[in-house]
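Below you'll find the structure, written out as structure tokens, and then a few comments.
The values are calculated or read from the model by the stated rules, or taken from the named source; none is laboratory data. Quantities reported herein were computed from a predicted structural model and do not represent experimental measurements. Protein only, heavy atoms only, side chains kept; ligands, DNA and RNA dropped before computing areas. Shrake-Rupley method; radii C 1.70, N 1.55, O 1.52, S 1.80 Å.
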Amino acid sequence: MADTLTTNVLLTNQTEGGNNNSWGTLADTNFEYIDDKFGDATAISTTGGNTTLTQTQERCNVLLITGVLVSDAVLIFSGRGGTWIIRNGTTGSYTLTAKVSGQTGVEITQGTTKPVYSNGTDIAAGGADSGATSIPTGLMAPY
């Protein structure tokens, strides 16, 4: 039987008794992914338009968005489960929206930080915008 991937973080769910002499490498990768989800931040620069998040970007806990917007900007998530903290550090007279393709999503006001989560269909607000200019070290977000 082949290995499978978990639904949300895409960890390798190893087959019982499989991966002789390679299970340690797979386990190490899983631990790195878990570490990314609970504490990693990624910077994304945009001038607007659609930005489809890579698996690596979407796996991070914090998304730091920067750039001078010349049009509305949209972060496209895959629709997998999870929570994120998005810091909108963009400038320009346009908006930043986080959503799953084809859905409505949630807008993140410039200069604010917003917790968001996947509600099974789209990205939804996990709380109000924060005027905080930085994300405190060790911040834990509810799932």
Checklist entry - Round to a whole number: what % of the accessible area of the chain belongs to carbon and sulfur, probe 1.4 Å? => result 53
Next on the checklist: Tell me whether the chain comes out rounded, prolate or oblate; compute the Cα gyration tensor, take square roots of the eigenvalues as a ≥ b ≥ c, and use a/c under 1.5 as the rounded threshold.
Outcome noted: prolate
Next on the checklist: Quick check for you: with a 1.4 Å probe and neighbouring chains kept, what is the accessible area per residue of the chain, in Å²?
Outcome noted: 55
Next on the checklist: I need the phi-derived Karplus couplings for the range 35-40: 6.51 cos²θ - 1.76 cosθ + 1.60, θ = phi - 60°, integer Hz, Gly and Pro marked x.
Outcome noted: 4, 4, 5, 8, x, 8
Checklist entry - Heavy-atom accessible area of VAL9 with all protein chains present, probe 1.4 Å, nearest 10 Å²? => result 40
Checklist entry - How large is ³J(HN,Hα) for each residue in the range 18-24, as worked out from phi by the Karplus curve 6.51 cos²θ - 1.76 cosθ + 1.60 (θ = phi - 60°), to whole Hz, x for Gly and Pro? => result x, 6, 4, 6, 9, 4, x
Next on the checklist: Check which residues have an amide H placed less than 5 Å from ASP72's amide H, if you skip close sequence neighbours.
Outcome noted: GLY49, THR95
